[in-house]
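S.K.: If you scroll down you'll find the structure; I have some questions about it.
The values are calculated or read from the model by the stated rules, or taken from the named source; none is laboratory data. Model, not experiment: these values are computed from the prediction. Note that we place each Cβ from the backbone using ideal geometry, even for glycine, and neighbour counts take in every protein chain shown. For the accessible areas, the whole protein counts, side chains as well, though only heavy atoms, and no ligand, DNA or RNA atoms are used. Shrake-Rupley method; radii C 1.70, N 1.55, O 1.52, S 1.80 Å.
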Amino acid sequence: MNIQKIVYTEALAEYQQKPKNIFKKSGKIEKKFYEEESLKLQYELVKLQKWIIETGQRLLVIFEGMDTAGKSSTIKEFMNYLNPREARSVALPKPNSKELGQWYFQRHIKQIPNAGEIVFFDRSWYNRAGIEQVFGFCTQAQHEHFYRQVNSVEEMLVDDGVLFFKFYLNITKKTQISRIKDREENPLKSWKLSKLDYLSMEKYDEYEVLRDKMFKLSGTLDAPWCELDANDKKRARLNAVRYLLSNIDYEGKNNDLITGVDRKIVKLHNKG
């Protein structure tokens, strides 16, 4: 896999029309525009999957981020029209007693895509970099040991030919509070809430420190972190798809559409 690059451009659909037609007063994009642009990108994702299947490629995409940042909905954006037989989302539960005695990466490595397959991780081995450290689910020694190994593990994946992407969805504390309140008030979203969500909200500042540590120590040339401003979920989703598509040379790519990403939304960390 070639080294991932970030291309910032204003040759994006949202900057080709009058702002009032695209953006709300809040700065977020209008639903109609989002749906139209998303559909164009869905055609490209279908082309990508066809190429992956025909050439036997393996695509692994990790999603991390603050609680309520929209990891699951962003994965859904990617998977909307993909063939589910060759694409899957993995959200592992907390490790059982047997898994606790294994090499930390072992249960995740079992989920690495086979030839012709796309796998999305809804959280990943980076639990040890964040939530496990915040709540004492691992020791300080285990946390440090994770960082001694993670870059080598990811380098081996890339060296073996896995197309590997890491996204981090970032939101402000204000946005997080608002989204938790929305889940409280919406019966259709109440299942998303847990005690840990409230505890995580209280630990927001600690998460920020660990997030920046993660970017610094594990954002490498082989496996950079693509950070997305997800305060507007729709803009984050569009730019996540754009970033991934712009970094893979799949057959039939529409280069008039896939021109780069929005500087206001995307930041790359690759100096680890």
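S.K.: Within the set of pairs 6 or more residues apart or between chains, which connect a residue that is aliphatic (A, V, I, L, M) inside segment 244-259 to a residue that is assigned to a loop (DSSP other than H, G, I, E, B) with Cβ atoms less than 8 Å apart?
M.R.: Once the first residue is aliphatic (A, V, I, L, M) and sits in segment 244-259, its partners that are assigned to a loop (DSSP other than H, G, I, E, B) give L245/K253; L245/I258.
S.K.: Now for a separate question. Regarding E37, is this residue farther than 20 Å from F120 by Cβ and modelled with pLDDT of 95 or more? First the steps, then the outcome.
M.R.: Values: farther than 20 Å from F120 by Cβ: yes; modelled with pLDDT of 95 or more: yes.
Taking the combined requirement at face value, the residue satisfies it.
S.K.: Can you confirm whether segment 184-194 contains a residue that is touching a Leu at 6+ places or on another chain (Cβ under 8 Å) and within 20 Å of K40 (Cα to Cα)? Give the steps one after another, and end with the answer.
M.R.: Filtering segment 184-194 down to residues touching a Leu at 6+ places or on another chain (Cβ under 8 Å) leaves 184.
Next, only the ones that are within 20 Å of K40 (Cα to Cα) stay: none.
Scanning segment 184-194 turns up no residue that is touching a Leu at 6+ places or on another chain (Cβ under 8 Å) and within 20 Å of K40 (Cα to Cα).
S.K.: State whether one or more residues within segment 51-61 are in a loop (DSSP other than H, G, I, E, B) and surrounded by 18 or more Cβ atoms within 10 Å (Cβ to Cβ).
M.R.: Checking segment 51-61: at least one residue is in a loop (DSSP other than H, G, I, E, B) and surrounded by 18 or more Cβ atoms within 10 Å (Cβ to Cβ).
S.K.: Output the residues belonging to segment 192-206 that are open to solvent by 30 Å² or more (accessible area, probe 1.4 Å) and within 19 Å of R128 (Cβ to Cβ).
M.R.: Step one: of segment 192-206, the residues open to solvent by 30 Å² or more (accessible area, probe 1.4 Å) are 192-196, 198-199, 201-203, 205-206.
Those that are open to solvent by 30 Å² or more (accessible area, probe 1.4 Å) and within 19 Å of R128 (Cβ to Cβ): L196, L199, K203, E206.
S.K.: Do the conditions hold for E36, that is, is it part of a helix (DSSP H, G or I), of a type in the set (D, E, K, R) and touching a residue at least 60 places away in the same chain (Cβ under 8 Å)? Can you show your working first?
M.R.: Values: part of a helix (DSSP H, G or I): yes; of a type in the set (D, E, K, R): yes; touching a residue at least 60 places away in the same chain (Cβ under 8 Å): no.
Here the answer is no, as E36 does not meet what is asked.
S.K.: I would also like to ask the following. Have a look at S152, S190, S194 and point out the one that is among the small types (G, A, S) and within 21 Å of D222 (Cβ to Cβ). First the steps, then the outcome.
M.R.: Details: S190 fails: within 21 Å of D222 (Cβ to Cβ); S194 fails: within 21 Å of D222 (Cβ to Cβ).
Unique residue meeting the criteria: S152.
S.K.: Further, regarding this structure: Can you tell me which residue within segment 67-108, out of those that are part of a helix (DSSP H, G or I) and free of Cβ contacts under 8 Å to residues at least 24 places away in the same chain, is most open to solvent (accessible area, probe 1.4 Å)? Walk me through how you get there before you give the answer.
M.R.: Kept after step one, since they are part of a helix (DSSP H, G or I), are these residues of segment 67-108: 71-79, 97-100, 106-108.
Within this subset, residues satisfying the condition of being free of Cβ contacts under 8 Å to residues at least 24 places away in the same chain are 76, 97-100, 106-108.
Working: K76: 135, S97: 105, K98: 153, E99: 50, L100: 123, Q106: 69, R107: 30, H108: 7 Å².
Top of the filtered list is K98.
S.K.: Continuing with this model, one more query. Suppose we filter segment 12-27 for residues that are at pLDDT 95 or above and part of a loop (DSSP other than H, G, I, E, B); how many remain?
M.R.: 1
S.K.: Need a quick list: helices (runs of 4 or more DSSP H) entirely within segment 154-219 having at least 2 residues that are among the hydrophobic types (A, V, I, L, M, F, W, C) and either in contact with an Asp or Glu (Cβ under 8 Å, 6 or more places away or on another chain) or in contact (Cβ under 8 Å) with a residue 60 or more places away in the chain (or both). Break it down into steps so the answer makes sense when it comes.
M.R.: Details: elements: 173-185, 195-202, 204-218.
Helices (runs of 4 or more DSSP H) meeting the threshold: 195-202, 204-218.
S.K.: Based on what the data block shows, is Y126 at pLDDT 95 or above, in a helix (DSSP H, G or I), open to solvent by 20 Å² or more (accessible area, probe 1.4 Å) and under 28 Å from I265 (Cα atoms)? Can you show your working first?
M.R.: Numbers: at pLDDT 95 or above: yes; in a helix (DSSP H, G or I): yes; open to solvent by 20 Å² or more (accessible area, probe 1.4 Å): no; under 28 Å from I265 (Cα atoms): yes.
Considered against the rule, which asks whether it is at pLDDT 95 or above, in a helix (DSSP H, G or I), open to solvent by 20 Å² or more (accessible area, probe 1.4 Å) and under 28 Å from I265 (Cα atoms), Y126 comes out as no.
The rows are residues; the columns are (1) open to solvent by less than 10 Å² (accessible area, probe 1.4 Å); (2) assigned to a loop (DSSP other than H, G, I, E, B); (3) at pLDDT 95 or above.
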| residue | (1), (2), (3) |
| --- | --- |
| C226 | yes, no, yes |
| R235 | no, no, yes |
| Y243 | yes, no, yes |
| I248 | yes, yes, yes |
| G252 | no, yes, yes |
| L257 | no, yes, yes |
| G272 | no, yes, no |
